[in-house]
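Structure first, commentary second.
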Amino acid sequence: MKKPTMIIGKKQIILAGMTLLLGVAVYINYAVSANGNGIKSTDKIESKSVNYGDAQLVSNDAEDDYFAQARIDRMTSRDEAVETLQTIMGGGDSTDEEKAVASEEAATITGLIESESKVENLIKAAGFEDCVVYLDGDTANIVVKAPEGLIDSEAAQIKDILLGEVDVANENIRIYDVE
């Protein structure tokens, strides 16, 4: 019977070293978490060097933020409505009548979205800086950026643009100006 020989090679030394490092890491983790102090993070150091081609954030006026936020809110509410309609249309327990109504409502929402976009673009093309249009079948609300305020002829021009695209009663049209 041969005696087992104990030869220590490179692989065994590397394996022992890695095991030792793992043990030290576990011990440090335990010591830091048990102590409760934890490792404190420091503030980020901002470098003053310029990298050409990098994007930079630029501050906007509050009015621009209003119009961007209004568009996002309108899109979010419309997306939720469309998702609800899709759930109704795809639901297994929906009747054919419910699916037909949901389909009609989805077509109506799509038409309103297209009309809002078209009216907004036409109002901007007429010389106004920015605007947001809210259509709801029977009513129309328009918010226009007008630094000096709207005069009657501008309001009439906006109303004419709206009525050229959508059938809404005159008493249901509201035009707001944001300075």
**Study point:** Enumeration of residues in region 116-136 that are hydroxyl-bearing (Ser, Thr, Tyr) and without any contact (Cβ under 8 Å) to a residue 24 or more places away in the chain
**Key:** Ser117
Exercise for review: Can you tell me which residue among Gly90, Gly127, Gly111 is under 30 Å from the mean Cα position of the chain (by Cα), open to solvent by less than 80 Å² (accessible area, probe 1.4 Å) and at pLDDT below 85?
Suggested key: Gly90
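Within region 130-155, which residues are among the small types (Gly, Ala, Ser) and open to solvent by 10 Å² or more (accessible area, probe 1.4 Å)?
From region 130-155, those among the small types (Gly, Ala, Ser) are 137, 140, 146, 149, 153, 155; that's our starting set.
If the condition is that a residue be among the small types (Gly, Ala, Ser) and open to solvent by 10 Å² or more (accessible area, probe 1.4 Å), then Gly137, Gly149, Ser153, Ala155 are the ones that fit.
Please indicate, with yes or no, whether at least one residue in region 88-107 is among the aliphatic types (A, V, I, L, M) and closer than 26 Å to Tyr66 by Cα. Can you show your working first?
At the first step, the residues of region 88-107 found to be among the aliphatic types (A, V, I, L, M) are 88-89, 100-102, 106-107.
Then drop every residue that is not closer than 26 Å to Tyr66 by Cα, which leaves none.
No, region 88-107 has no match at all.
The values are calculated or read from the model by the stated rules, or taken from the named source; none is laboratory data. The structure presented is a predicted model; accordingly, all values stated were derived computationally and were not measured. All Cβ positions, glycine included, derive from the backbone under ideal geometry; neighbour counts span all protein chains shown. What goes into the accessible areas is simple: the full protein's heavy atoms, side chains included, and nothing from ligands, DNA or RNA. Shrake-Rupley method; radii C 1.70, N 1.55, O 1.52, S 1.80 Å.
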